[in-house]
Amino acid sequence: MMKKNVRKKLADKIAKYLITVGGIGTILAVLLVFLFLLWTTIPLFKSGEVSQNSLAKSELSDVRHGIVDEYGLIAAVFDGEAFEIVSLPTGDVIDRMPLKFKWTSFGYNEKRNSYIFATEDGGILEVDFEFKKDNINQGVAEGKARYSVTDGRLMEKIGDQENSYYAGIKIKDLIKVQDGKKITNIDEIRNDNDNFVAYLTDDKVLHLNEVITKENILTGEISTQVNESNIDLKKVLNGRNPDYLKINSSKTTVMIFFKDGEYISIDTKIFESPKILENKKIFSDGRKITYLDFLIGRNTILVGDDKGYVTAWWPIEDQLNKNNLVFSQIYSFYSGDDSPVRFISPSKRDKSFVILNEKGRVSMYHMTSGKHLVDIVSNLTKPKIALLNQKNNKIAIFGNKGDKIETYDLKIPHPEITFRSVFGKIQYELTSKPEYVWQSSSGSDDFEPKFSLIPLIFGTIKATIVAMLFAIPVAIMSAIYTSEFASKKIRNSIKSTIEIMASLPSVVLGFIAALIVSPFVENVVLATIFSFIMIPFSLIFMGHLVQLLPKELLNSMGKYRIWIILLVALPLGLYLGVIISSFVEKLLFYGDFKYWLHNYNYSPLGGWALILLPFGVGITIYLYRRFLYEFYESLLENKSYHQAGVIELVKFFVLTICSVIITFFVAFLITKAGIDLRYDLPIIESIMNTYVQRNALIVGFIMGFAVIPIIYTVSEDALNAVPEHLRSASLAAGATQWQTVVNIILPVAMSGIFSAIMIGFGRAIGETMIVLMAAGNTPIIDMNIFSGFRTLSANIAVELPEAVINSTHYRVLYLAALVLFLMTFIINTFAEMIRIKYRKKSSQL
Amino acid sequence: MTELLEELKNNEKKTVYDPLLKDENIIIDIKDFNLYYGNKQALFKINMQIPKGKVTALIGPSGCGKSTLLRSINRLNDLLDYVRVEGDILLDGESVYDRSVDLSELRKKMGMVAQKPNPFPMSIYDNVVYPLKINGVKKKSILDEVCERSLSYAGLWDEVKDRLKENAFGLSGGQQQRLCIARAIAPEPEVILMDEPCSALDPIATYKIEELILSLREKFTVVIVTHNMQQAARVSDFTAFMYMGFLVEYGNTINIFKKPKVKDTEDYITGRFG
Ligand SMILES: Nc1ncnc2c1ncn2[C@@H]1O[C@H](COP(=O)(O)OP(=O)(O)O)[C@@H](O)[C@H]1O
Ligand SMILES: [Mg+2]
């Protein structure tokens, strides 16, 4: 006896211990997942880190411009007379190349590390730099790097490893301007096989030169073809010399700026006949331009002014005339002081740039995200330029003659991410208004990734809502049927069918959706929609018909009644759906529903009627209940059972016709008001538009199947948990089973059913495979029920395998996962809270 | 015990009836009624006539089939699909078990009060008028009137008239049971079936319910299951003693308690029963 007791106690203890460990373990696991997601995403929102690297004595003269190599170790700086190759860590001039020509104007090509010069004698030549790194001694790079200069090279020693850095210079003649005119401004765009040069001569004529180099593959002979055109700008320039001349990336516009803020643009879309596009003052408050350059990609102009601001500009659509592009200020950044902007160094990597102002403050911003990345105050007495290297991890600051060279190390992991850039609207380069965009990669080089999660969250919610609209009624009706009406046998077979449904892998459902249902439905869109309307209709209709049968027969049909009704109503509904849809398609949709969807010449009446039908039915029922109910009751008085059945049937038809009439009346009014549901609804723009094969309706339908089992199971449990004595009390009081369900069972089980719905929501939100396969995966925000979408989960599944570990893209995908986690977590917690509350309540019963 | 079963199986055992019953006006007539839960027979050849306007008590040891018999009268056993019945029960001469019978119509004629108070999770008012509402009565004046009448009848009106809109769960157990009685009599049924209505209540609440049952007799026919002998003796006009699914003795309460004809009945009443 004693022994047994001890054993029991021990078993108890072990069980208790195990359960505790298991429970805490689960909580811990969830917490860990959460923390891991958080830990991966938090670095996204950090701003930059700066540390001073070196301060080296230099022998440079006044620098005007320069290029830093990829590693931030050597730089080519230009002082107006010569290029000097400088070692940044030591400050030594490694090499010096005096220009052998007298230049009048120069332009800088950030993509190629090259300059273009116009000379006094009318020549145009290119100066190219090539930065090189040689590995002399391979070995373990350990400890601090030491630098020295020998033989025109910068030597680097890190532990055993030895590298040398140097730069090569190439000078090439490009064009010779004939009649020896002086060039006052020049800019160039160079690709592999062609150059586009724009220059202004002192007779105020703008020349455009296109140099196309062709290599004959067979002979290897290289031929150059030069196209020329020009435009006389005497009138607009009015004798003045412009300060800046820039060509945009698409070579469609040449932009001319004066320091006083005047802007002239020349449209060069038609190369042969350029014409003046705009001529205006860009600042209304009299600010002066002190520095001007392109952001990477040559689309955005960064204007530094004497008030200490850098503004970003590009042409956007005119509000009045969408074909007109107007050069506009989009963003503004503060250099940190009210002192003129001295220099701007755009990044060669992304849309960030460094501003240097006269006070020596260096600020770095990312344009589109607006993130303030770096804020340094230089120690130099008069800093002149601040250069950013290609990797965005070094800034070198050069000063006056005799000044030192200052370099800083930067750590800017994710400049493009702010809370606003993932959750807010962002105006991307060259776009006319702020938008939510997800576009994580593209083929082009200076592409800017767009990481707004809103389209994905929207897609997730869209999919979920459509799925729930389908799943909730089906699942709850089946749960009510099995728990309240079905015999044990039927209940078990329905339960096991639904369990099989639950065990269907969602890949299979997705496969069915994408390859069978979508192509099928595409051909019978309207018939499908009408079947969904006609099946409930014919169910109710059959219900009324059955009432006409003799009461004795009806009672003896007993539990089979519902099956008999279903057996007739389902095929009838389908049949009616097909018939009515083809009729309606001819009548309202001009014979082709899918064409009607995007042909706005066709009247939107039919679409409105389709969408408003549920409201029409609702309004009709409300009006009937409100005004005609008493009259109807008085009709039924003193009528026999059979007569009452006939009256009910007539009522059903009259109400159906009324619903249709009310629907059409409202649809007609809205159509007359000129509102078209295909494109100009307020806020949501459209509900119906171009039909895409893989669309929200299909996904919703199939995903509905995936969530039906869970909603069914949980709500059936809730229904079964309603105490038996309430059920029998209601039945004993003379209620029919249906009345018992509506009046007693459902209200009592409501919270349980609600939590079932919420759990279904959670499941639908996280569902991946079905949407991945059947939703088309276009990350757009579009209410159109016939268009595709991309959900958070599908997006993670598609993009995570190709995202570089710890890259911005990678971390943003984790952020998407975190958002998904929080969405499901909140919904499930909410569901659980309601469930617990309801459990407490039902224990009272 | 096995003896009794043998006798039952062989149809040898016969119910002993009190001759006084002959003079009564019969409302419920149970005829050769057998009931099976699956394979297990729970009621054996019950023949019993319940007089109108009287209180009839069903007594017997627990598990003998009292509730089963009571629930057979309003066909509440139909809810279980493994229940099978033989024989018939007539209400006012009409078969209750006929296939064409509308169950809700039938049950409207028989109010029922369960062992444990089972108010619905709604207000006191809604509880009382529930049977009328599902019957399609919507007029507020009628509902109000019925509510007051039924609650007064159940002796609850003065206690709850100021809080009709409050949830019924706020009432005490005895009050809840009287509320259930009010609900049962609200649609003015012919019969009220009560299954051990006091078993979950304290003596004072029990006393009140018993008073109520006595007053109900004027208007309704009451069939009450109880395993409390004193209660049966106090409230009923007739008493049926059941044992193992079998109706052993049935007759005038005074006769059953004073001079039972069957030994088993006597043993049970005097408490000498296992
Ligand atoms: N729902 C049921 N399913 C199966 N057997 C039942 C069920 N209800 C009662 N029984 C059985 O029928 C017999 C009579 O039960 P019951 O009528 O509840 O007895 P009483 O009310 O007299 O205590 C018992 O043996 C009991 O086990
Ligand atoms: Mg019982």
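Can you pull out every residue in region B:59-86 that is open to solvent by 10 Å² or more (accessible area, probe 1.4 Å), β-branched (V, I, T) and within 11 Å of ligand 1 (Cβ to nearest atom)?
Residues satisfying the conditions are B:T68, B:V83.
Yes or no, residue by residue, for (1) open to solvent by 50 Å² or more (accessible area, probe 1.4 Å); (2) under 20 Å from A:G297 (Cβ atoms); (3) not in a loop (DSSP other than H, G, I, E, B):
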| residue | (1), (2), (3) |
| --- | --- |
| A:L410 | no, no, yes |
| A:E416 | no, yes, no |
| A:E429 | no, yes, no |
| A:S444 | yes, yes, no |
| A:F447 | no, yes, no |
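Would it be correct to say that B:K108 is more than 11 Å from ligand 1 (Cβ to nearest atom) and of a type outside the set (V, I, T)?
yes
Would you check which residues across region B:60-86 are within 30 Å of B:P260 (Cα to Cα), part of a helix (DSSP H, G or I), of a type outside the set (S, T, Y) and more than 12 Å from ligand 2 (Cβ to nearest atom) and list them?
Listed by number, the list holds a single entry, B:I73.
For region B:87-111, which residues satisfy the criterion of being assigned to a strand (DSSP E or B) and either within 13 Å of ligand 2 (Cβ to nearest atom) or among the small types (G, A, S) (or both)?
B:G87, B:S95, B:G111
For region B:38-58, enumerate the residues that are outside any strand (DSSP E or B) and either among the polar types (S, T, N, Q) or within 8 Å of ligand 1 (Cβ to nearest atom) (or both).
Across region B:38-58, the qualifying residues are B:G38, B:N39.
Scan region B:28-37 residue by residue and report those that are more than 14 Å from every other protein chain (Cβ to nearest Cβ) and within 12 Å of ligand 1 (Cβ to nearest atom).
If the condition is that a residue be more than 14 Å from every other protein chain (Cβ to nearest Cβ) and within 12 Å of ligand 1 (Cβ to nearest atom), then B:L35, B:Y36 are the ones that fit.
Any residue that is of a type outside the set (D, E, K, R), in contact (Cβ under 8 Å) with a residue 60 or more places away in the chain, surrounded by fewer than 20 Cβ atoms within 10 Å (Cβ to Cβ) and within 12 Å of ligand 1 (Cβ to nearest atom) - is there at least one of those in region B:18-27?
The answer is no, given that none of the residues of region B:18-27 is of a type outside the set (D, E, K, R), in contact (Cβ under 8 Å) with a residue 60 or more places away in the chain, surrounded by fewer than 20 Cβ atoms within 10 Å (Cβ to Cβ) and within 12 Å of ligand 1 (Cβ to nearest atom).
With a cut-off of at least 2 residues that are more than 30 Å from A:Y691 (Cα to Cα), name the helices (runs of 4 or more DSSP H) lying wholly within region A:573-659.
Output list reads A:605-623, A:629-636.
Would you call A:K351 open to solvent by 30 Å² or more (accessible area, probe 1.4 Å) and outside the structural domain of A:D69 (by TED's automatic domain parsing)?
no
In this structure, is B:N228 within 16 Å of ligand 2 (Cβ to nearest atom) and touching a strand residue (DSSP E or B) at 6+ places or on another chain (Cβ under 9 Å)?
Criteria met by B:N228.
Scanning region B:233-245 for residues that are within 14 Å of ligand 1 (Cβ to nearest atom) and in a loop (DSSP other than H, G, I, E, B), which turns out nearest to the other protein chains (Cβ to nearest Cβ)?
B:G245
Among the numbered criteria (1) modelled with pLDDT of 90 or more; (2) touching a Ser or Thr at 6+ places or on another chain (Cβ under 8 Å); (3) surrounded by fewer than 22 Cβ atoms within 10 Å (Cβ to Cβ); (4) away from chain B (no Cβ under 14 Å), which single criterion is violated by A:Q739?
Unmet condition: (4).
Where the second residue is open to solvent by 10 Å² or more (accessible area, probe 1.4 Å) and β-branched (V, I, T) and the first is more than 12 Å from B:A182 (Cβ to Cβ) and lies in region B:116-130, which pairs have Cβ atoms under 6 Å and are six or more apart or on separate chains?
Sorted first by the residue in region B:116-130, then by its partner, the pairs are B:P121/A:V748.
Could you grab me the full set of residues in region A:442-467 that are among the polar types (S, T, N, Q) and within 17 Å of the chain's Cα centre (by Cα)?
Those that are among the polar types (S, T, N, Q) and within 17 Å of the chain's Cα centre (by Cα): A:S442, A:S452, A:T460.
Quick one: A:S730 ticks every box in (1) buried (at least 20 other Cβ atoms within 10 Å of the Cβ); (2) under 26 Å from A:G459 (Cα atoms); (3) in contact with a Phe, Trp or Tyr (Cβ under 9 Å, 6 or more places away or on another chain) except a single one, so which number is it?
(2)
Write out, first by first residue and then by second, each pair whose Cβ atoms fall under 8 Å of each other, whose residues are 6+ apart or on separate chains, and whose first residue, in region A:717-733, is more than 8 Å from chain B (Cβ to nearest Cβ) and assigned to a helix (DSSP H, G or I) while the second is surrounded by 15 or more Cβ atoms within 10 Å (Cβ to Cβ) and among the polar types (S, T, N, Q).
Within 8 Å, the pairs are A:A718/A:S751; A:A718/A:S755; A:L719/A:S483; A:N720/A:S483.
Residues are listed down the side, and each one gets a yes or a no for (1) crowded, with 20+ Cβ neighbours inside 10 Å; (2) within 10 Å of chain A (Cβ to nearest Cβ); (3) in contact with a Phe, Trp or Tyr (Cβ under 6 Å, 6 or more places away or on another chain):
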site: B:S123; (1), (2), (3): no, no, no
site: B:V129; (1), (2), (3): yes, no, no
site: B:K133; (1), (2), (3): no, yes, no
site: B:L156; (1), (2), (3): yes, no, no
site: B:K161; (1), (2), (3): no, no, no
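Those residues that are surrounded by 15 or more Cβ atoms within 10 Å (Cβ to Cβ) and either under 20 Å from B:S62 (Cβ atoms) or free of Cβ contacts under 8 Å to residues at least 24 places away in the same chain (or both), I need them from region B:255-274; list them, please.
Within region B:255-274, B:I256, B:F257, B:P260, B:V262, B:D264, B:T265, B:E266, B:Y268, B:I269 qualify.
Take the residues of region A:208-254 that are open to solvent by less than 20 Å² (accessible area, probe 1.4 Å) and closer than 16 Å to A:I116 by Cβ: which is nearest to the chain's Cα centre (by Cα)?
The extreme case among them is A:I247.
Just to be sure I understand, how many residues within region B:107-118 are within 8 Å of chain A (Cβ to nearest Cβ) and either closer than 18 Å to A:W738 by Cβ or open to solvent by less than 20 Å² (accessible area, probe 1.4 Å) (or both)?
Total meeting the criteria: 5.
Which condition number does A:V707 fail, the rest of (1) in contact with a helix residue (DSSP H, G or I) (Cβ under 6 Å, 6 or more places away or on another chain); (2) within 13 Å of chain B (Cβ to nearest Cβ); (3) in a helix (DSSP H, G or I) being met?
With (1) in contact with a helix residue (DSSP H, G or I) (Cβ under 6 Å, 6 or more places away or on another chain); (2) within 13 Å of chain B (Cβ to nearest Cβ); (3) in a helix (DSSP H, G or I) applied to A:V707, the lone miss is (2).
Considering (1) under 25 Å from the mean Cα position of the chain (by Cα); (2) crowded, with 19+ Cβ neighbours inside 10 Å, say which one A:F470 fails and leave the rest.
Of the numbered conditions (1) under 25 Å from the mean Cα position of the chain (by Cα); (2) crowded, with 19+ Cβ neighbours inside 10 Å, the odd one out for A:F470 is (1).
Which residues, taken from region A:284-330, are of a type in the set (F, W, Y) and either in a loop (DSSP other than H, G, I, E, B) or free of Cβ contacts under 8 Å to residues at least 60 places away in the same chain (or both)?
A:Y291, A:Y309, A:W313
The values are calculated or read from the model by the stated rules, or taken from the named source; none is laboratory data. Owing to the predicted nature of the structure, the values given are computational and were not obtained by experimental measurement. We place every Cβ from the backbone using ideal geometry, glycine too, and count neighbours over all the protein chains shown. Side chains included, ligands, DNA and RNA excluded: accessible areas come from the protein's heavy atoms. Shrake-Rupley method; radii C 1.70, N 1.55, O 1.52, S 1.80 Å.
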